[in-house]
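Heads up: the structure comes next, in structure tokens.
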Amino acid sequence: MAAAVRSVNKMYGVCFNASRQTTGLTASRLLQHRAFRVGAVRRQQSFDSTLEKPQFPGASAEFVDELKFIQPNVISGIPVYRVMDRQGNIINPSQDPQLSKETVLNFYQKMTLLNTMDRILYESQRQGRISFYMTNYGEEGTHIGSAAALDPSDLVFGQYREAGVLMYRGFPLDMFMAQCYANADDLGKGRQMPVHYGSKDLNFVTISSPLATQIPQAAGAAYAIKRENMNRAVICYFGEGAASEGDAHAGFNFSATLECPLIFFCRNNGYAISTPTNEQYRGDGIAARGPGYGMLSIRVDGNDVFAVYNATKEARRRAVAENQPFLIEAMTYRIGHHSTSDDSSAYRSVDEVNYWDKQDHPISRLRHYMTTRGWWSEDDERSWRKQSRKTVMEAFEKAEKRLKPSPELMFTDVYEEMTPNLNKQREAMWRHVQQYKEHYPLDQYEK
């Protein structure tokens, strides 16, 4: 009985102490609550709304008390950076890249060689010798100026009008011809349509027909290069029309948020096939989009090879040093048709094309620069034009005589060992060819 009483007293004491603690805690909370209310009143009395800053995590800005929509062109047009005027005169000596005579001559010879190759292959398609072609007329400055500013180890993602970049890197004429003719020397083994070049050795990713797919791919490649700390950059070429694709948004946003060493190089040549820029976008071109993604941007005169060179060189240096993307918009003009499937006379005038061809061509501008310095003469021009045409024609004739790749190659390079399905398709193909052999000139293909 005594033990039971002691147990009850002990339990009572515990409950009493707990009650006192709870009461004390409640009283303490009441005091804190009253203090908070008093403090809040005091803070409200001294609050100045003009000093308040937005705390939203999605943007850095200030509060305003006036309803006002942001105008599409916040500034009155992004300026166009240039080094030379149309007559090849250096405008600001501090911007002269001070390139050697040999380097400038190399620029000129590569630009004119590309132009000669374009003319011969364009006519080849018109004669039915190849199935398709796209010229680079008028955009040679964007190719050579940017390619010269890169390191050979930098990775290039092209669209389909950057043959000059590959040429500057040392891709031989024989390989250009082999690809367009889809012959046995073609690195792609005849599987791609013409002008879809690629070279693993020259760090030039093979061209893909679907528009703008290279943009997010370039962002992924640049992110991988950043993680490996390889002191390399990626450059991704595209046109202003491709910038309207959703892939462009994805690529821009990924590269900015992941802080990738990537140069986005937009060739704004005035037309996306037949769609002029005034129907393609309403803002101030493509460079104006850069700030919205947090990218440093610049607009350059794409017909000024030195301006393109300077801008690309600085963007490349900073992209690698700072791990951030850059957007270069090169303003130029597509003198040729979009491709051999297009007739641009249906949507633009001859006078318009003639202005850019005769008055503001990147090749003419560089020639003026060289002539002024006594680096190039009329005799040099005639001799080089004759020599370059001869070189292109030799490669052209060699490619045309070469055999086509073996039909067997249609089934290789996907699986290490051919799957049962592929074997069935291969056997069916050969049965069909043997049955209708008069329609398949197999003597024109490698065994």
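The values are calculated or read from the model by the stated rules, or taken from the named source; none is laboratory data. Predicted model only: the values in this text are computed from it and were never measured. Cβ coordinates were reconstructed from backbone atoms using ideal geometry, including for glycine residues, and neighbour counts include every protein chain displayed. Note: accessible area is taken over every heavy atom of the protein model, side chains too, but ligands, DNA and RNA are not part of it. Shrake-Rupley method; radii C 1.70, N 1.55, O 1.52, S 1.80 Å.
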*Give the accessible surface of the chain per residue, rounded to a whole number of Å², with probe radius 1.4 Å and ligands, DNA and RNA excluded.*
56 Å²
_If R₀ is 45 angstrom, what is the calculated FRET efficiency for the pair Asp357 and Leu409, using the beta carbon separation as r and rounding to 0.05?_
0.65
*Among Pro216, Phe238, Ile286, pick out the residue whose Cα is farthest towards the positive end of the charge dipole of the range 185-288, where Lys and Arg carry +1 and Asp and Glu carry -1 on C-beta, about the Cα centre.*
Pro216
*Length gain on complete extension for the stretch Phe63 to Ala321, per 0.36 nm per residue less the alpha carbon to alpha carbon distance?*
89.3 nm
*Name the shape class, rounded, prolate or oblate, that the alpha-carbon gyration tensor gives for the range 347-388, where a ≥ b ≥ c are the square roots of its eigenvalues, rounded holds for a/c under 1.5, and otherwise prolate holds if a/b is larger than b/c and oblate otherwise.*
oblate
*What 222 nm value per residue comes from the helices of the chain, counting each DSSP H run with n ≥ 4 as -39,500 (n - 2.57) and dividing by all residues, nearest 500 deg cm²/dmol?*
-15000 deg cm²/dmol
*Could you size up the charge dipole of the chain around its Cα centre, putting +1 on the beta carbon of Lys and Arg and -1 on that of Asp and Glu, and report it in debye to the nearest 20?*
2060 debye
*If you project the alpha carbons of the chain onto the principal axes, what extent comes out on each, in Å, largest first?*
120, 66, 42
_Reciprocal of mean inverse Cα separation for the range 152-286 (Kirkwood radius, Å)_ = 15.7 Å
_If the reach is capped at under 17 angstrom between alpha carbons, list the aspartates and glutamates near Lys401, excluding any in the same chain fewer than eight residues apart._
Asp174, Asp185, Asp186, Asp443, Glu446
*Between Glu394 and Asn253, how many nm apart are label points set 7 Å from Cα along the C-beta direction?*
5.3 nm
*Stretchable slack from Thr371 to Lys386, in nm (0.36 nm times residue separation minus alpha-carbon distance)*: 3.5 nm
*Using only alpha carbon positions, build the gyration tensor of the range 266-381, then give the equivalent ellipsoid semi-axes as the square roots of 5 times its eigenvalues, largest first, whole angstrom.*
28, 25, 10
*Rg(Cα)/(2.2 N^0.38 Å) for the range 357-447, N = residue count*: 2.03
*Could you name the lysines whose alpha carbon sits less than 30 Å from that of Lys313, not counting residues in the same chain fewer than 8 places away?*
Lys101, Lys110, Lys200, Lys226, Lys358
*Roughly what would the spin-label model give for Glu102 and Gln127, points 7 Å off Cα along C-beta, in nm?*
3.7 nm
*asked:* Looking at the range 244-351 only, what percent of DSSP beta bridges run antiparallel? Nearest 5 please.
replied: 15 percent
*Within the range 177-274, report the chymotrypsin sites (Phe, Trp or Tyr not before Pro) that DSSP leaves as loop and that have at most 15 other Cβ atoms within 10 Å.*
none
*Provide the gained length on full extension for the span Asp85 to His439, in nm with one decimal, where the gain is 0.36 nm per separating residue minus the Cα-Cα distance.*
121.7 nm
_Calculate the FRET efficiency for Gln109 and Asn423 from the Cβ-Cβ distance with a Förster distance of 51 Å, rounded to the nearest 0.05._
0.55
*Does the range 386-436 classify as rounded, prolate or oblate by the C-alpha gyration tensor (a ≥ b ≥ c root eigenvalues; a/c under 1.5 gives rounded; else a/b over b/c gives prolate, otherwise oblate)?*
oblate
*For the range 207-253, what is the Kirkwood estimate of the hydrodynamic radius, computed as the reciprocal of the mean inverse distance between distinct Cα atoms, to one decimal in Å?*
11.2 Å
*Restricting the count to DSSP beta bridges whose residues both fall in the chain, what percent are antiparallel, rounded to a multiple of 5?*
15 percent
_In whole Å, what are the extents of the range 139-219 along the principal axes defined by its C-alpha atoms, from largest to smallest?_
33, 26, 24
